[in-house]
Each structure stands twice: as C-alpha cells, then as structure tokens.
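Here the structure is laid out as structure tokens; the discussion comes afterwards.
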Amino acid sequence: MKTYLIDIIAGARPNFMKIGPILKAWPKGGRIWYRLVHTGQHYDRAMSGNFFRQLGIPRPDVNLEVGSGSQAEQTAEIMKRYEALLAKKPADLCLVVGDVNSTMACAIVAKKMGLKVAHVEAGLRSGD
C-alpha cells in the first residue's frame, strides 16, 4: 500500500496560525504523512519558537532558512531552496496557506515540478 507525503508550507506568522489546527487534526500514522517545511520567511527564532510552542506545532522537518531581503530576493531564494528539496526528496502534494511570499513561491515551484497544490485561506478562522 502506497504512502503519500504532503509538504505543509509555513514561513510567516499568519501561516503558523493556519497550520496549527490542521496539524492538530492530522491523524497519526496511516498512509498520508506530512513534512512540515518552514521557509524561514519570518526567521526570528524567538518569535517562531513562541508560535510553535503556543500552538502546539511540532518542530519543522525542514527549515529553508531564507531570512530577509526584498520581496523578489526572498521569493527567489524560497523557490530555489524548495526546488532543491523536492529534487532530493519529492512530495506528492504541496499544502500552502495564506498569501505570503512563502505561499506563492512554494506553490509555483510545486506546480512547475508536477505536484498537486492545495491552498487553505482565512476561512479556517472565520468559523464558516
């Protein structure tokens, strides 16, 4: 029986808020596994650490450690590093949340590499 790997992308504070409930609801074991990828778009370790701790989010499996730069520089660096990760260790689907640089960059790379992309937006916190 095939197992599937889903990359869950988070890079900025609003992303952490959205992935918290997703990860909390994720069934343990089974055929669908996730790899939590932190792009490092918001890279302050103290701030990221607080969000992870407060929201009960596990430590990322991968940290692309992109850091700061202009929007173009940061987006390009995320794309380069996520592409390299997928080339080495492919996923079956890329789950992005929100509308930050990390979301756009990883979604584009995943699509270009033939992965399916799923997107979760603010409906998560609206109660709809």
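The residues neighbouring Leu36, those whose beta-carbon lies less than 10 Å from its own, together hold a net charge of 0 under the Lys/Arg +1, Asp/Glu -1 convention. Ranking Leu36, Leu5, Ile108 by Cα position along the charge dipole of the chain, where only Lys, Arg, Asp and Glu carry charges on their C-beta atoms, puts Leu5 farthest toward the positive end. Taking the number of Cβ atoms within 10 Å of each Cβ as an exposure proxy, the fewest-first ranking of Phe51, Phe16 is Phe51, Phe16. Within the listed set Arg53, Arg81, Arg13, the residue fluctuating most in the Gaussian network model of the chain (springs between alpha-carbon atoms under 10 angstrom) is Arg53.
Within a straight-line Cα-Cα reach of under 20 Å, Lys80 can be paired with the following lysines, leaving aside sequence neighbours fewer than 8 residues apart in one chain: Lys88, Lys89, Lys111, Lys112, Lys116. Amide hydrogen proximity for Ala12: with H placed 1.01 Å from N in the peptide plane, the residues at 5 or more positions away or on another chain lying under 5 Å are His42. Mean silhouette area of the chain, derived from the convex hull of its C-alpha atoms and averaged over all directions, reads 8.0 nm². The Cβ shell under 12 Å around Leu86 holds other residues with a net charge of +4, Lys and Arg each +1, Asp and Glu each -1. Fewest neighbouring Cβ atoms within 10 Å first, the residues His119, His42 line up as His119, His42.
The stretch between Ile32 and Ala87 holds 17.8 nm of extra length on full extension. This uses 0.36 nm per residue minus the Cα-Cα distance. In whole percent, what relative contact order does the chain give with Cα contacts below 8 Å and a gap of six or more residues? Reported relative contact order: 30 percent.
For segment 59-128, rounded, prolate or oblate, judged on the Cα gyration tensor with a ≥ b ≥ c (square roots of eigenvalues), a/c < 1.5 rounded, else prolate if a/b > b/c? It is oblate, given that a/c is not under 1.5 and a/b is not larger than b/c.
Every read-out reported here was derived from the displayed coordinates using simple, explicitly stated rules and does not represent laboratory data. Everything numeric in this text was worked out from a predicted model, so none of it was measured. Cβ sites come from the backbone with ideal geometry, for glycine too, and all protein chains shown count toward neighbours.
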